[in-house]
Structure formats: C-alpha cells, structure tokens
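Please treat every number below as a calculation from the coordinates, not as lab data. Keep in mind that what you see is a predicted model, and the values were worked out from it rather than measured. Neighbour counts are summed over all protein chains in view; Cβ atoms, including those assigned to glycine, are modelled from backbone coordinates with ideal geometry.
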Amino acid sequence: MDLARIGSRFRCALVMTILLTRTGSITKTDITGIMSAGAAGVVLINWKDAGFTSVLEDYGPDVVQVTVADGNSISEYVRTTSKPSAIVIYKNTLLGVRPSPTVAAFSSRGPCSFNPGVLKPDILAPGLNIIAAWPPVTILGSGPFHIKSGTSVSTPHVSGVAALVKSVHPKWSASAIKSAILTTADIADSRGDPILDEQHQKASAYDMGAGHVNPTKAIDPGLVYDISITEYAGYICALLGDQGLAIIARNPWLSCTKLPKIPEAQLNYPTITVPLKSTPFTLNRTVTNVGPADSVYTLKLYTPKSLAIYVSPEKLVFSKVGQKIQYSMTVSSNANDGKKFMEGSLSWVSRNHVVRSPIVASADLDFPSL
C-alpha cells in the first residue's frame, strides 16, 4: 500500500475500523454496516497483541487487513495529512516473504503450569492461514476449501510428519518418533537468523519449544530419546499417583506401589528443563543409536555465561544400531540477574547428524536432584 496516496474516501472507514478493532472483533455483518453507511472500503488493523500475525478472514472484496505496524503508519498519515489519498493494488500471491517462519500470536505458550519440569510447547508447525480441506456444508460455511488458522491446523501437519517417520521406521515407539521430530527441528528462519515471535522479537523456548518441524531431518535423527511404558507409568505415578495412573491407563487395578517414581525432570525426554539456582542440579538422559552402527558423537553446548553446565561423558561412541548410552548433566547458576529463566542447548554432533535438545533453567522450579 502506498501511504502517500491514502484516499480521503477511506478516512471515515479508517477511523471507524480502528475504533472497532480496539473494542471488539469484526464480523462480516459489521463490514456490511460500515459499507452501508457510505464507506468506500475498510482497512482492518490488527489488535496490538497480534503484532505481525495477520489471520485472514473472508470479509469480502472491500476489506484490506494490515499489521499493527502498518496500521499505525496509516493512522498517523491520515491524522497528520489534510487531504490523504490511497490506492490499493492487488499483487497476487507473494512468495519468499521474510522473516519466515515466525511464531503466531495465537500459538500456545509455556510453561505448562501442571508439569513445568517438561518443556512446553514441544514443536512449531504451519498453522497460520492454511488452505484446508472442508466438508461440503457445515454451520461455518460451504466447502471444498477454506483458509484456517490455529494450533488445530498445526496438529495435522505434525501428525503427517509422525506418520512419515513411522512409515520409514515401523518398529519405533511413539516416544522415539517424538524425539526424532524434536531433536531435528529448525531453530533458524529462512534468512538464517533466530526464529522470531509475533512482535518480531527473538522467540524463546517457551514460544517455540524445540523449534520448527523439519520432516526430512526427522526421518534420520541419528539418536533418539526413547521412553518405555514402565518409565511413562512411573512418571504418571510421580505426577498424579494411583488415581491418575488408573484413569490414564484405563485400568483401576493398576498401582504405583511396584513402579519407580520418575520426577518430570528425570523423564528421558528430548528437551531439558531444570531449576535455576546456585545449588547444582543433576539429571540423566539415555540416547539410543538409530543411525550408522559405528558412530561417534561429540558434545556441543550453547549456554549463557552465568549458567554453568557440565556433561559427562563428552563423547558418545557407538558400535551398533540400537545401542544405548547414558550421560549425566549438572546445571548451576552463578547469578540470574533477576531473570525468570535462562536457556541454552545441548547437541550431540556426528559426521552426519546434529541431535539438539533445548535447555531451560527456570527460577520457578524447585525439585530434588538425583
């Protein structure tokens, strides 16, 4: 849009739209009312919290949707110009828009209040303005395709990636597949820079989890963090006790008495969440070789200066497929500078693989070490 040509015929529409977008959601009926009142068109400006996330809706041909930043520029231009003018030019589909991907404003954020020792969210996937299949007729409209946004639109993408991994590795467990997806996720955007959030600030692990899903890499992760049924049950016992285990397993006769109670931080999860404190905290992880039989992985850590992390061993040497090796990690903080959390990453790097786990040290966590 050429800001030097914002038309006076749009001025009333601009003012009305700004008021509407800041006081409630816009509907197609609202647009019809505005147009019936004599507006030549409507410019919808995102609400402040949406930032650069624009969720497309079918408002009709008389509506232009813009981001907060563009909307502020338009509003300022109209406010300070005696005879503003505008021309809206349709440029068809734009390819290669950057930065991409970014975290959408509606994307779920962590930490999970119920079990903060397991990093959530897990992963990012496409979910904004996706052309999705639609039943022929529903209460929301008629098919066959609609543009939809939301985490529920990301879900089928990740489900498809999981099915892809399962088709290549039919004997893998659900936890191994999840590990493959998380440890191979992208943490850089199409420019090679860190993935940004909806305000175009660097996204944290509580925004994007392990990163943006990469289907090609997920097929060949090199190493996986597998979790047995017994370990999952022990985790449920530590978190919810007998009643929780009976409900989740749908078996009222199951008991936690003979199961090991596994705290959330000690679950063999592909992401790592620990307390942010001066007292050293130690946890164990076990990786399984699903790559070449003879593989050597070396440790690569990215951490802030005030976070001390020690890993043993620093080299993993595998001689066969399916071999498991355990490593331990100890974390402590010299000073958190008032931060609620710090983050880094741990990667096991071989000739052909990078197996990355985000590390989050949170000041709100406090549970016993090993």
Please work out which option in [x] 0.98; [y] 1.06; [z] 0.94 gives Rg/Rh (Cα atoms, Kirkwood Rh) calculated from these coordinates, and answer with its label. [y]
Of the residues P121, P280, P215, which exhibits the maximal mean-square fluctuation in a Gaussian network model of the chain defined by a 10 Å Cα contact cut-off? P280
Enumerate by residue number the chymotrypsin sites (Phe, Trp or Tyr not before Pro) in the stretch 252-344 meeting two conditions: DSSP loop (anything except H, G, I, E, B), and at most 13 other Cβ atoms within 10 Å of the site's Cβ. W253
What nm distance separates the two modelled labels at K171 and K202, each placed 7 Å from Cα along Cα→Cβ? 4.3 nm
Given points 7 Å out from each Cα along the Cα-Cβ axis, report the Y90 to D294 separation in nanometres with one decimal. 6.3 nm
In deg cm²/dmol, rounded to 500, what helix-only [θ] at 222 nm does the chain give when every DSSP H run of at least 4 residues adds -39500 (n - 2.57) and the total is split over its residues? -7500 deg cm²/dmol
Under a 10 Å cutoff between Cα atoms, tell me which one of G33, G211, G117 has the largest fluctuation in the Gaussian network model of the chain. G33
Listed peptides 263-272, 287-296 by packing density, highest first (mean Cβ within 10 Å): 263-272, 287-296
With the cut-off at 31 Å, tell me which of the pairs K28/K217; K83/K148; K166/K324; K217/K277; K91/K120; K120/K300 have Cα atoms farther apart than that. K28/K217; K83/K148; K217/K277; K91/K120
Exposed trypsin sites (Lys or Arg not before Pro) being those in a DSSP loop with at most 10 other Cβ atoms within 10 Å, the longest stretch of the chain free of them is 1-90
Can you figure out the FRET efficiency of R351 with T230, using R₀ = 35 Å and their beta-carbon distance, to the nearest 0.05? 0.55
State, in angstrom, two size descriptors of the stretch 130-217 derived from its alpha carbons: Rg to one decimal place and Dmax to the nearest whole number. 16.1, 43
How big is the dipole moment of the stretch 130-217 about its Cα centre under a simple scheme where the beta carbon of each Lys and Arg is +1, that of each Asp and Glu is -1, and everything else is neutral? Debye, nearest 20, please. 420 debye
Give the span of the stretch 228-267's Cα atoms along each principal axis, as three whole-Å numbers ordered largest to smallest. 26, 15, 15
So if I place +1 on the C-beta of Lys and Arg and -1 on the C-beta of Asp and Glu, and nothing else carries charge, what would the dipole magnitude of the chain be about its Cα centre? I want it in debye, nearest 20. 300 debye
State the extension gain, in nm to one decimal, for the chain segment bounded by Q243 and T29, taking 0.36 nm per residue of separation less the distance between their alpha-carbons. 72.1 nm
